[in-house]
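Q: Please see the structure below; I have some questions.
The values are calculated or read from the model by the stated rules, or taken from the named source; none is laboratory data. Worth saying up front: this structure is predicted, and the values here are computed from it rather than measured. Neighbour counts are summed over all protein chains in view; Cβ atoms, including those assigned to glycine, are modelled from backbone coordinates with ideal geometry.
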Amino acid sequence: MYFHTVHGTAITLSGDRLTATRGDGFCNGITFSAAPMEVGEEISIEFVSTTSSWSGVLRFGATSVDPGTWKQEDLPRYAVPDLTNKEGYWAKAMPENHCEPGNLMTFHVDAQGNLRYSVNNDDKGVFLSGLPTEVQLWALLDVYGVTTSIKFVST
């Protein structure tokens, strides 16, 4: 999986689009997967770096809205609540203790529309429920607060 070329104004993508790093500030870090997620497809991200300058952590979820329909400068500052107040966006904050550098988060949408996740192979269960499985869903990852860099990894 790769990051979509549409992302928040504070995000810089690595040349291979596997790593998203937020620059100055604590917001404008919205990112999306480049491709829709398949039901049951496991996707993994590594928490690369954090900062002690801010509070709050990664906001994580899914969207049925093709990220390519956005202009970068029109993306809001925050996924929660700016995007989640719109139809087709689901996200919330990760538990802070799961977002430490080096941690590996793996997630997938199951056939029942549950977004399930694990951290370092420890199943954490359902993170979000009620996602539509009959439409395309892209991963939504807001590199927010203390979280400064994440990377898609193969598992």
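Q: What are the residues in the stretch 3-40 that are exposed (fewer than 14 other Cβ atoms within 10 Å of the Cβ) and not small (Gly, Ala, Ser), if any?
A: THR5, THR12, ASP16, ASP24, GLU38
Q: Name every residue in the stretch 139-151 that is hydrophobic (A, V, I, L, M, F, W, C) and buried (at least 22 other Cβ atoms within 10 Å of the Cβ), in order of residue number. Working first, answer last.
A: Restricting attention to the stretch 139-151, the residues satisfying the condition of being hydrophobic (A, V, I, L, M, F, W, C) are 139-141, 143, 146, 150.
Matches in the stretch 139-151: ALA139, LEU140, LEU141, VAL143, ILE150.
Q: Here is a follow-up. Is it the case, given these coordinates, that ASP82 is touching a residue at least 60 places away in the same chain (Cβ under 8 Å) and in contact with a Pro (Cβ under 9 Å, 6 or more places away or on another chain)?
A: Criteria not met by ASP82.
Q: Cβ-Cβ under 7 Å, sequence separation 6+ or interchain: first residue in the stretch 1-23 and free of Cβ contacts under 8 Å to residues at least 24 places away in the same chain and on the phi < 0 side of the Ramachandran plot, partner in a strand (DSSP E or B) and among the acidic types (Asp, Glu). Which pairs?
A: From the stretch 1-23, no pairs qualify.
Q: Select the strands (runs of 3 or more DSSP E) contained entirely in the stretch 55-132, then report the ones holding at least 1 residues which are surrounded by fewer than 12 Cβ atoms within 10 Å (Cβ to Cβ) and not aliphatic (A, V, I, L, M).
A: So the answer is 122-128.
Q: Among the residues of the stretch 15-27, what is the count of those that are outside any strand (DSSP E or B), at pLDDT 95 or above and in contact with a Lys or Arg (Cβ under 6 Å, 6 or more places away or on another chain)?
A: Summing the residues that are outside any strand (DSSP E or B), at pLDDT 95 or above and in contact with a Lys or Arg (Cβ under 6 Å, 6 or more places away or on another chain) in the stretch 15-27 gives 1.
Q: A further question follows. Are any of the residues in the stretch 52-65 at pLDDT 95 or above and over 11 Å from the mean Cα position of the chain (by Cα)?
A: There is at least one residue in the stretch 52-65 that is at pLDDT 95 or above and over 11 Å from the mean Cα position of the chain (by Cα).
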